[in-house]
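Notes for the one structure printed next.
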Amino acid sequence: MLCFHSHRVVFLGIIADASSVIVYASHLAIWRKVFTTKSVEYMHFWSSLAVLSNGVCWTIYAILQFDIFILVSSGVGAILGAIELSLYAYFYFSGKEESNTK
């Protein structure tokens, strides 16, 4: 019986990780629009900051608890959040520079 329990934990952990990564990656659709328009008009700063902070908080928790399932999904979320905020900063400030030179 214990053998089936560990298989269930792994199976459900993988399902939970996959769904969590999908939630974190849902902002990728906005990234394409930011690249094509070269504007952060459609990307919200506070939403991007929330994605990063949520990923970082859960990553710290996963490291403290030694939980690989939480670590994988929240680590991916933290990385995607950092990329998203970097993207926001790049296009926000490059848009400001273009408007100042005109």
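Every number here is computed from the coordinates shown, using simple stated rules; none is lab data. Remember, predicted model here, so these are calculated numbers, not experimental data. Note that each Cβ is placed from the backbone with ideal geometry, even for glycine, and that neighbours are counted across all protein chains shown.
Counting every pair of alpha carbons in the chain, the share spaced more than 24 Å apart comes to 37 percent. Using a cutoff of 8 angstrom between alpha carbon atoms and counting only pairs six or more residues apart, the relative contact order for the stretch 29-87 works out to 36 percent. The angle between the Cα long axis of helix 28-37 and the main principal axis of the chain comes to about 10°, on a 0 to 90 degree scale. Note on the chain: with a GNM built from Cα contacts shorter than 10 Å, the maximum mean-square fluctuation among Y88, Y42, Y61 falls on Y42. Highest average first, the peptides 47-57, 27-37 ordered by how many other beta carbon atoms sit within 10 Å of their residues are 47-57, 27-37. Note: relative contact order over the chain, using C-alpha pairs below 8 Å and six or more positions apart, is 32 percent. Each label point was placed 7 Å from the Cα along the Cα-to-Cβ direction; for C57 and S86 their separation is 2.4 nm. Compared with the dominant principal axis of the Cα atoms in the chain, helix 45-65 is inclined by about 30°. Between R32 and F11, the modelled label-to-label distance comes to 3.4 nm, taking each label 7 Å out from Cα in the direction of the beta carbon. All other residues whose Cβ lies under 13 angstrom from that of K33 are scored, Lys and Arg at +1 and Asp and Glu at -1, for a net of 0. Against the longest principal axis of the chain, how steep is helix 68-101, in degrees 0 to 90 to the nearest 10, with axes from Cα atoms? Around 0 degrees separate the two axes.
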